[in-house]
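Here is the structure we will look at, set down as structure tokens.
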Amino acid sequence: MFHTTIAGSLPKPAWLAEPEKLWPRWKFSGAELEQAKRDAALVWLKEQESAGIDIVCDGEQFRGHFVHGFLEHIDGIDWDLKTPMGIRDNRYTVDVPTVTAPVSRPRPVHAEEVRFMRAHTRNALKFTIPGPMTICDTLADAHYGRRADMAMAFADVLNQEVRELEAAGADVIQFDEPAFNVFGKDVREWGIAALERAAAGLKCKTAVHICYGYGIEANIRWKESLGTEWRQYEEIFPLLNASRIDQVSLECAGSHVPISLIAALPDKDLLIGAVAVAPGRIETPAEVAATLREALKHADAGRIFPCTNCGMAPLPRALALAKMKVLAEGAFVMRKEIAA
Ligand code: ZN
């Protein structure tokens with residue numbers, strides 16, 4: 001119990017890409033870049049194992065951005081036709097590429113990366129991929145006309161991909177859906193259905209990461225506007241609990257999400273964010289344990305997986321490493337406490 005994992009992304013080493021950026025420029029190209037990505041993934045794999053992370057991942061070292069890293073390989077998107085769009089319900093405006101034709105996946109995207117990771121670890125292996133709603137909130141649509149239709153098209157493309165990732169050795173497939181807390185009505189109407197369609201047929205564990213975003217300036221300001229208690233999940237947790245997704249990853253460290261809301265997920269594994277991802281101080285093992293102890297009031301220990309609040313891509317490398325270590329130490333405290 002209390003098996004540890006991370007939400008997904010980790011900082012790129014400074015020799016691989018510009019550090020502490022969400023859209024970093026690579027420092028190599030061609031075959032050199034491919035080798036450098038594998039080297040970085042291997043560094044982070046071993047750092048996770050050494051830190052005591054049980055369910056490991058590639059830290060998204062193979063992709064520049066958590067959404068576009070997948071979309072770059074998808075046909076039907078015009079990358080030169082940039083449309084300004086207020087994404088995550090106008091939290092920030094980004095010039096996004098535009099879907100101009102039916103989307104399709106001409107060849108496998110991440111399977112080789114999973115095979116590489118599988119060959120280098122005996123730990124359980126997780127792979128993260130953007131969910132259909134978040135993809136649709138990161139692209140402009142000039143073809144489908146309805147967001148729900150575009151989401152279903154992406155769900156089919158994702159499903160082809162994740163079935164291969166499972167076959168390549170992934171033990172957990174996690175869909176990242178940070179858009180879920182902004183579009184409650186759409187989540188109900190088509191978001192969960194699109195997510196389930198993306199995960200259809202998988203026999204491995206499936207997870208969804210929902211969150212209030214990376215610890216970057218625009219998000220920190222937005223979070224300050226949400227008041228003292230964030231209850232957006234109250235509406236979507238019962239829907240997620242009724243879904244076929246096995247695990248829900250959410251932020252609980254220093255969060256305004258009342259942890260009691262997890263009581264609405266009685267049938268799911270819970271990836272409890274027990275370290276924050278805003279730049280700043282490192283939690284103590286006692287603080288991590290305290291967050292997990294709070295979760296334990298609403299869920300039994302077997303369903304609790306200590307995790308980071310969100311991806312750590314924008315953090316300094318040393319800070320991300322320190323946070324992984326303290327996460328594992330806090331989980332260790334709780335294992336001892338339960339055994340006592
Ligand atoms: Zn997140």
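So here's what we get for this one:
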quantity: Some residue of the range 236-253 being outside any loop (DSSP other than H, G, I, E, B), of a type in the set (Ser, Thr, Tyr), modelled with pLDDT under 90 and closer than 23 Å to residue 299 by Cβ; calculated: no
quantity: Residue check for residue 201: under 28 Å from residue 22 (Cβ atoms), more than 16 Å from the ligand (Cβ to nearest atom) and surrounded by fewer than 14 Cβ atoms within 10 Å (Cβ to Cβ); calculated: no
quantity: Residue selected from the range 313-340 under the condition within 16 Å of the ligand (Cβ to nearest atom) and at pLDDT 95 or above, by the criterion farthest from residue 66 (Cα to Cα); calculated: 327
quantity: Meets criteria (closer than 30 Å to residue 121 by Cβ and either hydrophobic (A, V, I, L, M, F, W, C) or more than 16 Å from the ligand (Cβ to nearest atom) (or both)) for residue 194; calculated: no
quantity: Residue that is free of Cβ contacts under 8 Å to residues at least 24 places away in the same chain and of a type outside the set (A, V, I, L, M, F, W, C), where the choices are 84, 97; calculated: 84
quantity: Scope the range 16-69; condition of a type in the set (S, T, N, Q), touching a Phe, Trp or Tyr at 6+ places or on another chain (Cβ under 9 Å) and free of Cβ contacts under 8 Å to residues at least 12 places away in the same chain; matching residues; calculated: 35
quantity: Sole exception among (1) within 30 Å of residue 56 (Cβ to Cβ); (2) surrounded by fewer than 24 Cβ atoms within 10 Å (Cβ to Cβ) for residue 186, by number; calculated: (1)
quantity: Those residues of the range 167-183 which are assigned to a helix (DSSP H, G or I) and buried (at least 22 other Cβ atoms within 10 Å of the Cβ), in sequence order; calculated: 178, 179, 180, 181
quantity: Cβ-Cβ under 9 Å pairs, at least 6 apart or on other chains, the range 264-279 side touching a residue at least 40 places away in the same chain (Cβ under 8 Å), far side aromatic (Phe, Trp, Tyr) and in a loop (DSSP other than H, G, I, E, B); calculated: 277/214; 278/214
quantity: Of residues in the range 1-54 being modelled with pLDDT under 95 and not aromatic (Phe, Trp, Tyr), the one nearest to residue 330 (Cα to Cα); calculated: 1
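The values are calculated or read from the model by the stated rules, or taken from the named source; none is laboratory data. Since the model is a prediction, treat every value here as computed from it, not as a measurement. Quick reminder, even Gly has a Cβ in these numbers, built from the backbone with ideal geometry, and neighbours come from all protein chains shown.
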